[in-house]
Amino acid sequence: MSRQKNPEVPQAKSALDKFKFEVAKEIGVPLKEGYNGDLTSYQNGSVGGQMVKKMIAAQEKEMMKNS
C-alpha cells in the first residue's frame, strides 16, 4: 500500500522542505534534492525524528508563553 504524505496545510510544503534540509545539515545527514535512496533508513529517520522534536519544542514554548 502506497501512502503519499501531504502536509495538512499545502501552503506549508516549501517551509517544511526548507526545515527538513536545515535539520539534515545540523545533524550531518547528506540530504539532497531529488533521489536520496543512497541514505540509510536510520539517516532518513533521524531527520524526521529531529524535525518532530524541534516542532514539539517550539509548540511547547509557544504554549508556555501564552499561559
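The table that follows gives values for the structure above.
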read-out: Residue count for segment 1-33, restricted to those that are β-branched (Val, Ile, Thr), modelled with pLDDT of 95 or more and part of a loop (DSSP other than H, G, I, E, B); value: 1
read-out: Segment 15-33: number of residues that are exposed (fewer than 10 other Cβ atoms within 10 Å of the Cβ) and within 19 Å of LYS5 (Cα to Cα); value: 1
read-out: Every pair of residues 6+ apart whose Cβ atoms lie under 8 Å, when the first sits in segment 15-43 and is over 17 Å from MET55 (Cβ atoms) and touching a residue at least 40 places away in the same chain (Cβ under 8 Å) while the second is outside any helix (DSSP H, G or I) and among the polar types (S, T, N, Q); value: none
read-out: Search result, residues across segment 34-47 that are surrounded by 13 or more Cβ atoms within 10 Å (Cβ to Cβ) and in a helix (DSSP H, G or I); value: GLN43, ASN44, SER46, VAL47
read-out: Residue match in segment 34-44 (condition: modelled with pLDDT under 95 and within 11 Å of the chain's Cα centre (by Cα)); value: yes
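The values are calculated or read from the model by the stated rules, or taken from the named source; none is laboratory data. Just so it is clear, the model here is predicted, and its values are computed rather than measured. Positions of Cβ are backbone-derived with ideal geometry, glycine not excepted, and every protein chain shown enters the neighbour counts.
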